[in-house]
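Reviewing the structure listed below.
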Amino acid sequence: MTLVGKPAPVFEMASTKNLEQLNEPVRLQDYRGRWLVFFFYPADFTFVCPTEIRALSERYEEFQALNCDVLGCSVDSVYVHRAWIKTPRDGELEGLGPINYPLASDPTHQVARSYGVLDEVTGTALRGLFIIDPEGIVRYEVIHEDAVGRSVEETLRVLQALQSGGLCGAGWRPGDEHVEGQ
């Protein structure tokens, strides 16, 4: 079941917004008036996940310039998120290192389930990415298995296409013509 075109499921979760205190939750309503790239990943201290999280963090200013925030989420606790962020990137434990946006914690699995990404067998989230517009409507979603990381370049391209207001053909980039419609 797709969420595209529907209101994004409401959430309130613990987060790493305040990495030291871990006392600032994130809520969907916090992002009203801005676009949001909300993504789920399977688990902290894994192998593919940090490549995506870091890649999004490295391009965070580009998202900000497009009136867009980024929020990551897994079923791990905020304490595990904090430990992962504080663990060096080049160490034996595959630390995440500092990132430019918060990670949210969904230990009850309620949010992952409401977004349709919970793997009920493993109790982890599949790789799911949702672009939510400033009014709280899901405009884009992609969900796939754990083994393949997502493309930040494609996420930015889709965000820009959605913001363009026109019909955007395959490979559309800002500055390209829109497809003529009826």
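The values are calculated or read from the model by the stated rules, or taken from the named source; none is laboratory data. Nothing here was measured: the structure is a model prediction, and the numbers come from that model. Please note: Cβ atoms are built from the backbone with ideal geometry, for glycine as well, and neighbour counts cover all protein chains shown.
Quick look at the numbers
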read-out: Contacts under 8 angstrom Cβ, first residue in segment 169-182 being within 16 Å of Glu153 (Cα to Cα), partner of a type in the set (Lys, Arg), 6 or more apart; value: Trp172/Arg157; Arg173/Arg157
read-out: Candidates Gly175, Gly149, Gly95, Gly166, filtered to the one that is modelled with pLDDT under 95 and surrounded by fewer than 12 Cβ atoms within 10 Å (Cβ to Cβ); value: Gly175
read-out: Complete set of residues in segment 83-109 that are in contact with a strand residue (DSSP E or B) (Cβ under 9 Å, 6 or more places away or on another chain) and in a helix (DSSP H, G or I); value: Trp84, Ile85
read-out: Residue check for Asn100: touching a Ser or Thr at 6+ places or on another chain (Cβ under 7 Å), over 24 Å from Ile137 (Cβ atoms) and either at pLDDT 95 or above or polar (S, T, N, Q) (or both); value: yes
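One line per residue, one yes/no per condition, for (1) surrounded by 22 or more Cβ atoms within 10 Å (Cβ to Cβ); (2) free of Cβ contacts under 8 Å to residues at least 12 places away in the same chain; (3) on the phi < 0 side of the Ramachandran plot; (4) in contact with a Cys (Cβ under 9 Å, 6 or more places away or on another chain):
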site	(1), (2), (3), (4)
Val26	yes, no, yes, yes
Arg34	no, no, yes, yes
Val37	yes, no, yes, yes
Arg54	no, no, yes, no
